[in-house]
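Okay, structure first, notes after.
The values are calculated or read from the model by the stated rules, or taken from the named source; none is laboratory data. Not measured: the values here are computed from a predicted model. We place every Cβ from the backbone using ideal geometry, glycine too, and count neighbours over all the protein chains shown.
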C-alpha cells in the first residue's frame, strides 16, 4: 500500500512470465514428478526435466555397471556416482537461480530428448 494515497502499489511489469523454480528443482530429485503436473508445459521446467532425466539415466547405467563389474572397478564407479551427485547439485543451483545452463558432460545428452 502506498502510505501517502492509501492505494495499492502495482507490481512492476517485467514482461517476463514467472518461472516455476520449485518444479525445476524437483526435476533433479525425481525427474518425473513435474511431468505429472501442469508445470510440464513450462519450457523452463521442461529444460530441467531433460537434464534430470539424463542424470537419472547415467546414474542407473553406473548402478548396473557396478553390479556387473569386478570389485577393483567398484571404487571408480563410486567416484563417478559422486560426480552425478555433484552434477545434480549444480542443476538444482542453476534452477534455483532461474537459469537454463547445461550441465557439464550431461547437457548434450539431455538436449537430444524430445518431449
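Within region 92-112, residues that are closer than 15 Å to residue 22 by Cβ have Cβ atoms under 7 Å from residues that are in a loop (DSSP other than H, G, I, E, B) and modelled with pLDDT of 90 or more in these pairs: 94/101, counting only partners at least 6 apart in sequence or on another chain. Among the residues making up region 22-45, those that are more than 10 Å from the chain's Cα centre (by Cα) and buried (at least 19 other Cβ atoms within 10 Å of the Cβ) are 34, 39, 42. On inspection, residue 93 does not qualify as in contact with a helix residue (DSSP H, G or I) (Cβ under 8 Å, 6 or more places away or on another chain) and in a helix (DSSP H, G or I).
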